[in-house]
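Chemist: Here it is: the structure, laid out below.
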Amino acid sequence: MSFLNKYRNFRRQRLLSWLIAAVLLLVLIAFLSPAQIGVTVYKLALVSIAVVLGYHLDRGLFPYASPGSYLSQDWKTTPPFMGTQDVEYPIVAGYQLVFAAVLLRRAIIVLAVVIGVTMGL
C-alpha cells in the first residue's frame, strides 16, 4: 500500500482534525509553560472520566430508552445504506420526536455530569 493510500485511509478517521489540533495545543502549552502539562493532563482526564460517567449514568437510569432502540433496524448488525440518498439508519415512523428527545436527554445528562465535575474542582 502506497503512502498516499495510507494517508487517505488515515484522513478518513473521525475527528482527526480535532486530534491533531489537541496535540498541537498540548505541544504549545508544553512550550509556553511546561509546569502546566501535569495540570492540563489531569483536567483532561477528569473531563474524559466525567463524560464516560455521564454516558453510563444515562444508560443506567434509562436502560430501555437508548437511542438505538428507536431505529428501524439494529444498527449493530445491519450495514448502513452506503452510496444512496437514504439515511443510513432510519428511525421508526412516528418516533422521530421521541428519538430527538432521547438524544437531548443523553446530551443534557452528560453535560450536567461534566459541569458538576469541572465546577467541583
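A short reminder: the numbers here are calculations on the coordinates, not readings from a lab. On a predicted model such as this, the values are computed, not experimentally measured, just so you know. Here the Cβ positions follow ideal geometry from the backbone for every residue, glycine too, while neighbour counts run over all protein chains shown.
Chemist: Report yes if Val23 is in contact with a helix residue (DSSP H, G or I) (Cβ under 7 Å, 6 or more places away or on another chain) and assigned to a helix (DSSP H, G or I), otherwise no. So that I can check it myself, show each step before the final result.
Modeler: Numbers: in contact with a helix residue (DSSP H, G or I) (Cβ under 7 Å, 6 or more places away or on another chain): no; assigned to a helix (DSSP H, G or I): yes.
Here the answer is no, as Val23 does not meet what is asked.
Chemist: Only residues that are in contact (Cβ under 8 Å) with a residue 60 or more places away in the chain and assigned to a loop (DSSP other than H, G, I, E, B): list them for region 42-78, please. Show your work before the answer.
Modeler: Kept after step one, since they are in contact (Cβ under 8 Å) with a residue 60 or more places away in the chain, are these residues of region 42-78: 43, 46-47, 49-51, 53-54.
Residues satisfying the conditions do not exist here.
Chemist: For region 47-71, give me the residue count where each residue is among the hydroxyl-bearing types (Ser, Thr, Tyr) and within 13 Å of the chain's Cα centre (by Cα). Can you show your working first?
Modeler: First, the residues of region 47-71 that are among the hydroxyl-bearing types (Ser, Thr, Tyr): 48, 55, 64, 66, 69-70.
Those left that are additionally within 13 Å of the chain's Cα centre (by Cα): 48, 55.
Qualifying residue count for the region: 2.
Chemist: Looking at Val51, is it surrounded by 13 or more Cβ atoms within 10 Å (Cβ to Cβ) and over 30 Å from Val114 (Cα atoms)? Steps first, answer last, please.
Modeler: Working: surrounded by 13 or more Cβ atoms within 10 Å (Cβ to Cβ): yes; over 30 Å from Val114 (Cα atoms): no.
No, not satisfied.
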